[in-house]
Structure formats: structure tokens, C-alpha cells
Amino acid sequence: MAVYALGDVTPSIDPSAFVHPDAVVIGRVSIGPQSSVWPGAVLRGDYGEIRVGARTSIQDGAILHATAELPTVIGDDCVVGHLAHLEGCVVDDGSLIGSGSVVLHEVQVGAGATIAAGAVVRNRTVVPARALAVGVPAEIRPDRSDPVEIARGAALYVSNTARYRTELRRVD
């Protein structure tokens, strides 16, 4: 896997986490137990801190970055979809960040909330717990998220992590 220290700052990856060999993790990044980072994902903790909780998946092509003032924090049991971009935001436990969405500075995503695929959540937006944010710019729809489905997705990636840790092999 492509894990890089930047100066004296080295990523912290729990031994039970899975980071695909084609993902990139740089600098001030911590990845919690049973979490996963998939091909093409980039977690670049050069200016600020990135924290990924337990049992959270950062899927293919996702980009996580932070600023010196604004860490990017992803809670436990979250699903960050393919090609999502998160920077300087906080995502609470059990949330779903849809494929191709953008979540910007000082956004707070409440527990069990969903950011719809392709949504753009502008700076300083608060997405309440269990709400759905949809559109460009995102509009908030209260109580429209489905935490049960999010939990299923998170559990699927935890099992996928175990599978990849034991079965993935390169064939050239």
C-alpha cells in the first residue's frame, strides 16, 4: 500500500484496517479498526488532520483532505462513496456520503444522515441527524435518511475488508 510519512508525521492505521495497495495515505491520517480504504482513494493529511473511525469505508476514488485549521473527521460505521470529496468537515457516526458528492469546509453531517450522490454541500452547512442532503447546492430534507440501510452498507464493507485481507492477490 502507498502509505507515506511527511517529515516526522506518519499515518496511524489500525492493524485490522484494510488499505488497498492502490490507495494513497499521506501524513497526519488515522484509520480506525476494521475500516477500509479502496483503490484510488487519497487521504492527504499534509496541512491538517484526517481521522477515520471504526468500521468506516472510504471507497474507490474518494478524496479526503484537510486544512491547517479544519480537520476532516469521519465517524464510526460510515460509508463514503466512490469519488466523494470531503475537506475540512465532520461526519458523525452512521452516516452515508454518496458517490460523487462534495462536502466542504465546516460542514457538520449529523449521525445517520445521508448526503445524496452528486450533492454539493456548501461551507458551514449543518445536515441534521437522519436528514438527507440532495442537489447542487444541497437542500436539506429532514428525517429522510435510512440509518438501517447505512448500517447494512457499513457492515458489508467490514466483511469485504476481511475478505480482501485474506483473498486479494495480484496476478500479472
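Could you list, in sequence order, all residues of region 1-35 that are closer than 16 Å to D46 by Cα and of a type in the set (S, T, N, Q)?
T10, S12, S30
Return yes when V103 is out of contact with any Cys (no Cβ under 7 Å at 6 or more places or on another chain) and buried (at least 17 other Cβ atoms within 10 Å of the Cβ) and no when it is not.
When the stated conditions are applied, V103 does not pass them.
Is it the case that A131 is hydrophobic (A, V, I, L, M, F, W, C) and within 17 Å of A154 (Cα to Cα)?
no
I'd like the full set of residues that are closer than 12 Å to V9 by Cβ and charged (D, E, K, R), limited to region 21-70.
Start the filter on region 21-70 by keeping residues that are closer than 12 Å to V9 by Cβ, which leaves 25-30, 44-50.
R28, R44, D46, E49, listed by residue number.
Quick check on E87: is it under 27 Å from I140 (Cβ atoms), surrounded by fewer than 19 Cβ atoms within 10 Å (Cβ to Cβ) and charged (D, E, K, R)?
Taking the combined requirement at face value, the residue does not satisfy it.
Select, from A68, A54, A5, the only residue that is closer than 22 Å to R165 by Cα and in contact (Cβ under 8 Å) with a residue 12 or more places away in the chain.
A54
Can you give me the ranges of the strands (runs of 3 or more DSSP E) entirely in region 71-172 with at least 3 residues that are modelled with pLDDT of 95 or more and farther than 19 Å from G53 by Cα?
Where strands (runs of 3 or more DSSP E) fall fully within region 71-172 and carry at least 3 residues being modelled with pLDDT of 95 or more and farther than 19 Å from G53 by Cα, they are 132-134, 139-141.
Being surrounded by fewer than 19 Cβ atoms within 10 Å (Cβ to Cβ) and aromatic (F, W, Y) is the filter here, so list the residues in region 30-82 that pass it.
Scanning region 30-82 gives a single hit, Y47.
Tally time: how many residues in region 1-53 are over 19 Å from V80 (Cα atoms) and either in a loop (DSSP other than H, G, I, E, B) or of a type in the set (D, E) (or both)?
8
Scanning region 133-172 for residues that are hydroxyl-bearing (S, T, Y) and in contact (Cβ under 8 Å) with a residue 12 or more places away in the chain, which turns out nearest to I74 (Cα to Cα)?
Taking region 133-172 first, the residues hydroxyl-bearing (S, T, Y) are 145, 157, 159, 161, 164, 166.
Subset that is in contact (Cβ under 8 Å) with a residue 12 or more places away in the chain: 145, 157, 161, 164.
Working: S145: 17, Y157: 15, T161: 18, Y164: 22 Å.
By that ranking, first place goes to Y157.
The values are calculated or read from the model by the stated rules, or taken from the named source; none is laboratory data. This one's a predicted model, so the numbers in the text were calculated from it and none came from an experiment. Note that each Cβ is placed from the backbone with ideal geometry, even for glycine, and that neighbours are counted across all protein chains shown.
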